[in-house]
Amino acid sequence: MDAYSRPKLALSGLDGYSPVLVTGDEVQRAKPGPEAFITAAERLGVRPDRCWAIEDSTNGVRSALAAGCHLFQVPDLVMPTAELIR
């Protein structure tokens, strides 16, 4: 996991909730490509459509949707665009 993600997860209280984490430094094509979410599903031994994704960025939302995950967008600095609200 990259040095940025671990402290951010700890500060938000979200560390420890998922048995697998995949960050951008572990994949060939980062977000908005779906590789990170597909890789996480593979590590869990399930299809992406059996996974939930929690994202705060537009590229993260696009990535999770492209992978076929069920998505929850948590607004952070950028609110969801009309294109991404379903």
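The values are calculated or read from the model by the stated rules, or taken from the named source; none is laboratory data. What you see is a predicted model, and the numbers here were worked out from it, not measured in a lab. Counting neighbours? That spans all protein chains shown, and the Cβs are built from the backbone with ideal geometry, glycine included. Just the protein is used for accessible areas: all its heavy atoms, side chains included, with ligands, DNA and RNA removed. Shrake-Rupley method; radii C 1.70, N 1.55, O 1.52, S 1.80 Å.
Within the stretch 22-37, the set of residues being under 13 Å from the mean Cα position of the chain (by Cα), in a loop (DSSP other than H, G, I, E, B) and not hydrophobic (A, V, I, L, M, F, W, C) comprises Thr23, Lys31, Pro32, Gly33, Pro34. Selection within the stretch 24-33: residues that are of a type outside the set (Gly, Ala, Ser) and under 14 Å from Ser57 (Cα atoms). The member of this set that is surrounded by the fewest Cβ atoms within 10 Å (Cβ to Cβ) is Pro32. Pairs meeting the criteria (first residue in the stretch 37-57 and closer than 25 Å to Pro75 by Cβ, second residue among the acidic types (Asp, Glu), beta carbons under 8 Å, at least 6 apart or on different chains) are Asp56/Asp76; Ser57/Asp76. Select from the stretch 4-21 the residues that are in a loop (DSSP other than H, G, I, E, B), closer than 24 Å to Glu42 by Cβ and not hydroxyl-bearing (Ser, Thr, Tyr) and write down the one among them that is most open to solvent (accessible area, probe 1.4 Å). This residue is Pro19. For the stretch 38-46, indicate whether the set of residues that are polar (S, T, N, Q), loosely packed, with under 15 Cβ neighbours inside 10 Å, at pLDDT 90 or above and over 9 Å from the mean Cα position of the chain (by Cα) is non-empty. No, there is no match, as no residue in the stretch 38-46 is polar (S, T, N, Q), loosely packed, with under 15 Cβ neighbours inside 10 Å, at pLDDT 90 or above and over 9 Å from the mean Cα position of the chain (by Cα). May I ask you to verify whether Leu77 is in a loop (DSSP other than H, G, I, E, B) and over 14 Å from the mean Cα position of the chain (by Cα)? For Leu77, the condition - in a loop (DSSP other than H, G, I, E, B) and over 14 Å from the mean Cα position of the chain (by Cα) - is met. Just one of the numbered conditions (1) open to solvent by 90 Å² or more (accessible area, probe 1.4 Å); (2) hydrophobic (A, V, I, L, M, F, W, C); (3) at pLDDT below 85 is not true of Val78: (1).
Residues in the stretch 47-70 that are modelled with pLDDT of 90 or more, open to solvent by less than 50 Å² (accessible area, probe 1.4 Å) and either aliphatic (A, V, I, L, M) or not in a loop (DSSP other than H, G, I, E, B) (or both): Pro48, Ala53, Gly60, Val61, Ser63, Ala64, Ala67.
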